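Step one of this worksheet: look at the structure below.
The values are calculated or read from the model by the stated rules, or taken from the named source; none is laboratory data. The structure displayed is predicted, hence computed values, not measured ones. Note that each Cβ is placed from the backbone with ideal geometry, even for glycine, and that neighbours are counted across all protein chains shown. Side chains included, ligands, DNA and RNA excluded: accessible areas come from the protein's heavy atoms. Shrake-Rupley method; radii C 1.70, N 1.55, O 1.52, S 1.80 Å.
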Amino acid sequence: PTLLPDEQQIVIQLFEAGLERFHLRKPDFSDIDYATYLAQIPMEYWSRIVLHHHHQLAVQLGLGGVHWTERDRKGKNREQLQALAADYRAEGLQISAAVHELEDLNVLGNLCDYALVSPVFDSISKSDYSANNDLNIQNWQGKVSAKLIALGGISDRTTTQAIEKGFEGVAALGFIWKSTELAIKRFQQLEFAFNNPSDNVTSSFRLYLLTIAGQDPSGGAGLIADIKAFEQLQTN
């Protein structure tokens with residue numbers, strides 16, 4: 001939700017690496033802040049950007065879509081949401097929404113183009129956000145037109161599990177942004193895992209490092225300290 005150093009440049013690199021959709025969610029941003037952010041991203045990628053706030057900008061700038069937050073939906077009945085969806089689609093926008101239980105999907109499943117279903121696994125970005133084991137989407141398939149996208153705890157290791165659960169796509173947050181220096185590498189890991197669900201994804205991207213060091217029993221230096229550094233860099 002906050003602006004990270006060099007964030008727009010990382011987003012551009014993600015697009016170049018094949019990112020299909022980028023959800024831009026900055027709750028404290030004004031519409032001017034959003035426009036300033038977007039101005040730093042080439043227009044050729046705007047059709048892949050979805051806004052969580054200031055939806056009028058998505059219409060004005062010809063972006064890819066809008067995301068309905070719970071606040072957007074609050075107080076609106078199904079007919080009002082249908083009318084709003086029709087207006088957005090008339091502007092060429094796709095619509096997404098967050099879904100946490102079947103009741104949400106009953107309302108949104110045929111109004112949205114895709115639904116971000118969460119939390120599928122224990123969250124990476126929120127330590128207290130645990131997997132909802134009641135999210136059995138096999139019971140939902142065929143009943144809604146929206147594509148079901150797994151969100152929450154998505155990594156290269158859980159992507160295969162998400163596909164096995166029946167999800168049509170995955171959305172990542174913490175796995176990409178908690179270590180910005182690894183963002184592109186991790187996106188590539190996700191992409192490989194999604195396109196090759198039957199392969200051993202972890203071993204395909206395992207890095208091998210060699211350290212030459214002495215042994216310090218205290219663990220403050222030498223071999224043990226090097227191993228700790230490797231762990232921080234998410235290598236094996």
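Between Ser130 and Ser179, the modelled label-to-label distance comes to 2.6 nm, taking each label 7 Å out from Cα in the direction of the beta carbon. Per residue of the chain, the DSSP helices (runs of n ≥ 4 H) give a summed -39500 (n - 2.57) that works out to -10500 deg cm²/dmol at 222 nm. Across the accessible surface of region 141-200, with the other protein chains kept in place and a 1.4 Å probe, carbon and sulfur atoms take up 47 percent. Placing +1 on the Cβ of every Lys and Arg and -1 on the Cβ of every Asp and Glu, with nothing else charged, gives region 1-79 a dipole about its Cα centre of roughly 440 debye.
So what is log10(I(q)/I(0)) for region 75-123 at q = 0.16, 0.23, 0.26, 0.31 1/Å, when the Debye sum runs over its Cα atoms only? Each listed q maps to, in turn, -0.48, -0.85, -0.99, -1.21.
Protection proxy ranking, highest mean first, for peptides 173-181, 45-53: 45-53, 173-181, where packing is the per-residue count of other beta-carbon atoms within 10 Å, averaged. Using a Förster radius of 41 Å, what is the FRET efficiency between Met43 and Lys228 based on their Cβ-Cβ separation? Nearest 0.05, please. Approximately 0.40, to the nearest 0.05. Averaged per residue, region 94-225 has 53 square angstrom of accessible surface, using a 1.4 angstrom probe with ligands and nucleic acids left out.
Here r is the Cβ-Cβ distance between Leu102 and Ala35 and R0 is 45 Å; the resulting FRET efficiency, rounded to 0.05, is 0.75.
The alpha carbons of the chain occupy a box of 70, 42, 30 Å along the principal axes, longest dimension given first. Per residue, the Cα convex hull of region 30-112 amounts to 95 Å³. For region 18-44 versus region 81-109, the spacing of their alpha-carbon centroids is 21 Å. Built from the Cα atoms of region 55-168, the convex hull projects on average onto 7.8 nm², one quarter of its surface area. Put a plus charge on the Cβ of each Lys and Arg, a minus charge on the Cβ of each Asp and Glu, and nothing anywhere else: the dipole of the chain about its Cα centre is then about 260 debye. Straightening the chain between Asp122 and Thr2 buys 41.0 nm, computed as 0.36 nm per residue apart minus the Cα-Cα spacing.
Projected label points at Gln82 and Glu16, each 7 Å from Cα along the beta carbon direction, are separated by 4.6 nanometres. For the peptides 114-122, 217-225, 91-99, the ranking by mean Cβ contacts within 10 Å, running from highest to lowest, is 114-122, 91-99, 217-225.
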